[in-house]
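This report refers to the structure that appears directly beneath it.
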Amino acid sequence: MTKPVIDLHNVSLWLGEGASSVHVLKGVSLAVEHGQSTAIVGPSGSGKSTLLMVIAGLEKVDSGIVCVAGQTLNGLSEDAVAAFRGRTIGIVFQSFHLIPNMTALENVAVPLELAGHDDPFGLAEKELEAVGLKDRLTHYPGELSGGEQQRVAIARALAPQPAIMIADEPTGNLDQATGRQIADLLFETARERGTTLALVTHDPALAARCDRQVDMRSGRIEEAAPEPASAG
């Protein structure tokens, strides 16, 4: 049996200090298989986004073990985690997080440059074409629609060919029709590339498209639906 690509064991995390500290994750264990799509659902404040940040190595846990793509993140330096994340994990946020004074092409190419890719602009152009933005390469974020900006963000996340894609409310700032198009793009691309997809959403229709749903309540996983017996 292959080892899960995301493997969390009894993870706990507090945010804040002293009397204002909050126990955000309370003994969370989660295993996600390679190529599986998982929706993390639950009410606001239940720890969903924090769980994604732990998987991405953007939040350090206070206890428990975090193993992602065969790498245990506990104890690694921030630089080592950042380098690992750049190679292994693509991140898509609700609010796009594009650099406003850079074109779509530059926004996608910059992380590749930082990672030392041989042809960052060539790959960036290829990725933008793949998400339907061939004619928007030189446009700045302010010249793009919300859906187009999210496509740029997806291209940027996918460009390093990550094993894992995490998405925090990827359709939350979009109208229904555009959100559906972005969801189609995420799922189709993940399936084509064999990418493991973990996403947080309040949208039941989006969650239902995933292979599996994980329900979080008050920092705990209440229910993790079993993996389907076959891929179809």
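Round to a whole number: what % of the accessible area of the chain belongs to carbon and sulfur, probe 1.4 Å?
Reported share for carbon and sulfur atoms: 49 percent.
Might you tell me the accessible area per residue for the chain, computed with a 1.4 Å probe and given in Å²? Before the final figure, lay out the partial values.
Values: 11350 Å² over 232 residues.
Per residue, the chain has an accessible area of 49 Å².
What's the Kirkwood radius of the range 1-106 in Å, using all Cα pairs?
15.3 Å
Return one number: the angle in degrees, 0 to 90 and rounded to the nearest 10, between the long axis of the Cα atoms of helix 78-88 and the longest principal axis of the Cα atoms of the chain.
60 degrees
By a straight-distance test (C-alpha under 21 Å), which lysines pair with K134 as possible cross-link partners, with residues fewer than eight away in the same chain excluded?
Straight-line reach from K134, under 21 Å: K126.
Looking at the range 1-97, which GluC sites (Glu not before Pro) are DSSP coil and have at most 12 other C-beta atoms within 10 Å of their C-beta?
Answer in residue order: E17.
At q = 0.17, 0.24 Å⁻¹, what base-10 log of I(q)/I(0) does the Debye formula yield for the range 133-218 when every alpha carbon is treated as an equal point scatterer in vacuo?
Computed log10 I(q)/I(0) values: -0.73, -1.32.
In terms of modelled amide H atoms, which long-range or inter-chain residues lie less than 5 Å from the amide H of D62?
Amide H to amide H, under 5 Å and 5 or more residues apart or across chains, D62 pairs with S12, L13, W14.
Restricting attention to the alpha-carbon atoms of the chain, what are Rg (one decimal) and Dmax (integer), both in Å?
Radius of gyration, then largest Cα-Cα span, for the chain: 17.5, 53 Å.
The values are calculated or read from the model by the stated rules, or taken from the named source; none is laboratory data. Just so we're clear, the structure is a prediction, and the values are computed from it rather than from any experiment. Cβ atoms come from the backbone with ideal geometry, glycine included; neighbour counts cover every protein chain shown. The accessibility values were calculated without ligands, DNA or RNA, using every heavy atom of the protein model including side chains. Shrake-Rupley method; radii C 1.70, N 1.55, O 1.52, S 1.80 Å.
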